[in-house]
1. Kindly list the number of the only condition in (1) farther than 30 Å from residue 308 by Cα; (2) touching a residue at least 24 places away in the same chain (Cβ under 8 Å) that fails for residue 151.
2. Go through segment 279-292 and count every residue that is among the hydroxyl-bearing types (Ser, Thr, Tyr) and buried (at least 19 other Cβ atoms within 10 Å of the Cβ).
3. Taking residue 223, is it farther than 30 Å from residue 158 by Cβ, without any contact (Cβ under 8 Å) to a residue 60 or more places away in the chain, surrounded by 15 or more Cβ atoms within 10 Å (Cβ to Cβ) and not acidic (Asp, Glu)?
4. One residue is enough: does segment 175-188 have a residue meeting the conditions farther than 26 Å from residue 95 by Cα, surrounded by 13 or more Cβ atoms within 10 Å (Cβ to Cβ) and within 42 Å of the chain's Cα centre (by Cα)?
5. Output yes when any residue across segment 18-32 is part of a helix (DSSP H, G or I), among the aromatic types (Phe, Trp, Tyr) and surrounded by 17 or more Cβ atoms within 10 Å (Cβ to Cβ), and no when none is.
6. Taking the condition crowded, with 19+ Cβ neighbours inside 10 Å, modelled with pLDDT under 90 and more than 25 Å from residue 80 (Cα to Cα), does residue 161 pass?
7. Just the residues that are of a type outside the set (Asp, Glu) and under 23 Å from residue 284 (Cα atoms), please, taken from segment 237-267.
8. Cβ-Cβ distance below 7 Å, separation of 6 or more or different chains: which pairs start in segment 486-498 with a residue that is hydroxyl-bearing (Ser, Thr, Tyr) and end on one that is outside any helix (DSSP H, G or I)?
Amino acid sequence: MYISELRLWNFRKYGSHSPFDLKNADLIVPFTRGLNVLIGENDSGKTAIIDAIKLVLKTHAYEWIKVENEDFYKNESRLRIEIEFRGLKDNEAKNFIEWLGWTKENGIDIPILRLIYDVSKDKEGKILPTDIKAGMDDIGYPINAEARDYLKCTYLKALRDANADLTSKKNSRLSQILQEHKLFKKGKNNEEHFFVEKFKKINEEIENWFKDENKIEDLSNSNKEEIKDKIDEFLKKFIDNKYESIFSLGNAEIKNILEKISLGIDKETNLGLGTMNRLYMSAELLHLKKENWDGLRLCMIEELEAHLHPQAQMKIINALKEKEGEETIQYILTTHSPNIASKVPLKSLMICKDNNVFPMGEGKTKLEPKDYIYLERFLDVTKSNLFFAKGIIIVEGWSEEILIPALANKLGFDLTKKEVSIVNVASIAYLHFAKIFLRRNRDEKMNIPVSIVTDLDNRPEEDGSFIELDKLDGKLKTKYENLEQLKKELNKTNVELELAKEWTLEWCLFKSICLSENFKESLKKVHPTIFKNNFDEFIPMLKKISSSKLDKVKIATDLAQKIEEDENLIIDEKDEYIKYLVDAIKHACSYEN
């Protein structure tokens, strides 16, 4: 079984002031079997989703979790959480017979379990006690404690103190984990555990050592006289003569014994935070490895990357992605890490944005199966920062990536402050990336402005003139027609296609009113032997401009420096040759909260 859907009404940031409508949840989050990763900027609602699930299911850690005033959306008096489970096997469904519903999936009747947590305040603002219910109607029926035990989840908080949780102490997290394991449960005949039997013996030996009245060779007194009698002397004066001290390891109960156990790594000492964190996660996942367990196998981890370097993050994600036959564990993770985002299958990602959640799975985006295959290979760590940006500029090469930030600063747009990412796809495959932000349901619009910057590749004649676009033929005509069609398809979406007026970026810079002189200087500096005195021969050099002989990256780097350092330079936004770059910057920076 696994969580297939979460629905929220008036929970934290997910709410509205409109009348409470059970047919229209404020947030619906579809989950899949296996791996689910919530990504997004700070305060985008990732933790609220995790906490809503925790409130209803509770955790194996027996944390004290209850609804607080802060959980109600903007002082509303009612909130509601619904969790739907699917994929119940017979051995799991038998635990919830009284509360199950049924639906058809591919023509087959399948069981569904739906939990309901509907909480209200009274007129004085006091939160009214409410039970978790289950059922397929709007109200449901109270679900008993035995059934709820099968629904507990494993949860790892964001700021994990692995060292404290794995060290021996009263109510340690390690002792709680171990107590849940069948090896520490009493058998059918209520026999004492092996640990209890051994503990009693060592406890008795320690107690007797402190009571030992035999004289020690090097001392004039016995153990008892050295320690216990001296304590008892004060104790009798402080309280009463009938009181006497006793030294022991505590009660011989399995809980008490397990609280004295620590967990570490064999032959290793002084472990760092990263290693301890991984050890802690390994211990917590023990819950999910129970054999013959008929309950939920769900693990929720907030900020998996805590204390972990990038390679360790990727190693753990790879391990979590592994399928283990029929007993697949469901994971719901949150992260701010581009490393993790690049390693997780795109279908497993969910972007939290503007009080909504946008799953990246098939059928949710405009991505086709071939797009997913392409992105699995080419969506690396650098490009994955697009998932955390407020605006995106997709470019085809290094020259645009180098120049656009300098040009943006000159226009008064600091891309870093605006949280705009430039994604260099190093090819014309920009549409694969842009489709990530195009929803199959056009009403479900993502408020992330995306600009695509691309060239036309319409090579000029020797005299510098261009063939008119409507007279093009061959591949270039097809490309232009495809670009025009794409522009129409992108109309009224958050993605804009910005097309160079003529040929390439370098040609547009050469023709630009604002940047032509600076560009020529950069050309001459990088290639002094090609452009010696003037640029009369520039047109004949067009083939070299587009060839590998021209170092475009060095030229762009030099030009970017000139743009940044030239205090007298004013960018004319109406300059027709760089307008497509200006428009791309302005659109990517147009994000509104």
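The values are calculated or read from the model by the stated rules, or taken from the named source; none is laboratory data. Worth saying up front: this structure is predicted, and the values here are computed from it rather than measured. So basically every Cβ, Gly included, is an ideal-geometry build from the backbone, and we count neighbours across all protein chains shown.
1. Of (1) farther than 30 Å from residue 308 by Cα; (2) touching a residue at least 24 places away in the same chain (Cβ under 8 Å), only one is false for residue 151: (1).
2. Just the residues of segment 279-292 that are among the hydroxyl-bearing types (Ser, Thr, Tyr), to begin with: 280, 282.
If we keep only those that are buried (at least 19 other Cβ atoms within 10 Å of the Cβ) too, we end up with 280.
Of the residues in segment 279-292, 1 are among the hydroxyl-bearing types (Ser, Thr, Tyr) and buried (at least 19 other Cβ atoms within 10 Å of the Cβ).
3. Yes.
4. Yes, segment 175-188 has at least one match.
5. No, there is no match, as no residue in segment 18-32 is part of a helix (DSSP H, G or I), among the aromatic types (Phe, Trp, Tyr) and surrounded by 17 or more Cβ atoms within 10 Å (Cβ to Cβ).
6. no
7. Here is the first cut: in segment 237-267, the residues of a type outside the set (Asp, Glu) are 237-239, 241-243, 245-252, 254-258, 260-265, 267.
Hits for segment 237-267 are 254, 255, 256, 257, 258, 260, 261, 262, 263, 264, 265, 267.
8. Going by the 7 Å Cβ cut-off, the qualifying pairs are 493/438.
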